[in-house]
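Report on the structure given below.
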Amino acid sequence: MAEYQKIKLSIADRVYPMTILADQEEGLRKAAKKIDELLKHYEQSYAVRDKQDVLAMCALQFASETEQKSINNNRDITNSEEKLEQLAFQIEAVLSKRS
């Protein structure tokens, strides 16, 4: 049976109470910390006063990282498939010579 717990996460100076699965806590706390660190970076690096704009920039950065990983993963899968096909062809060539 799934074990739930209540936590409070602070993001951009706001507290968000949540009910989560126990094994999600570490990931959520790390994500909240990364968001706050990125918020501070954007606030210090750019003349942005509106938290909404800074949060949008953070969301865009995290979403683009996720999308880029997906693109890279698809490329890796395609390359692996091509290499496997080449190996299979080479194996078949060697086996057909032995027959």
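The values are calculated or read from the model by the stated rules, or taken from the named source; none is laboratory data. Everything numeric here is computed off the predicted structure, so don't read it as measured data. Backbone-built Cβ (ideal geometry, glycine too); neighbour counts: all protein chains shown. Note: accessible area is taken over every heavy atom of the protein model, side chains too, but ligands, DNA and RNA are not part of it. Shrake-Rupley method; radii C 1.70, N 1.55, O 1.52, S 1.80 Å.
Some notes on this structure:
- Subset of region 22-55 (residues that are within 26 Å of Glu3 (Cα to Cα), open to solvent by 50 Å² or more (accessible area, probe 1.4 Å) and of a type in the set (A, V, I, L, M)): Leu28
- Single residue of Ala93, Ala12, Ala22, Ala47 found to be at positive phi and among the aliphatic types (A, V, I, L, M): Ala12
- Filter pass, Asp76 being among the charged types (D, E, K, R) and either surrounded by 13 or more Cβ atoms within 10 Å (Cβ to Cβ) or modelled with pLDDT under 90 (or both): no
- Residue match in region 7-29 (condition: charged (D, E, K, R) and assigned to a strand (DSSP E or B)): yes
- Test: residue in region 56-70 that is over 17 Å from the mean Cα position of the chain (by Cα), open to solvent by 90 Å² or more (accessible area, probe 1.4 Å) and of a type outside the set (A, V, I, L, M): no
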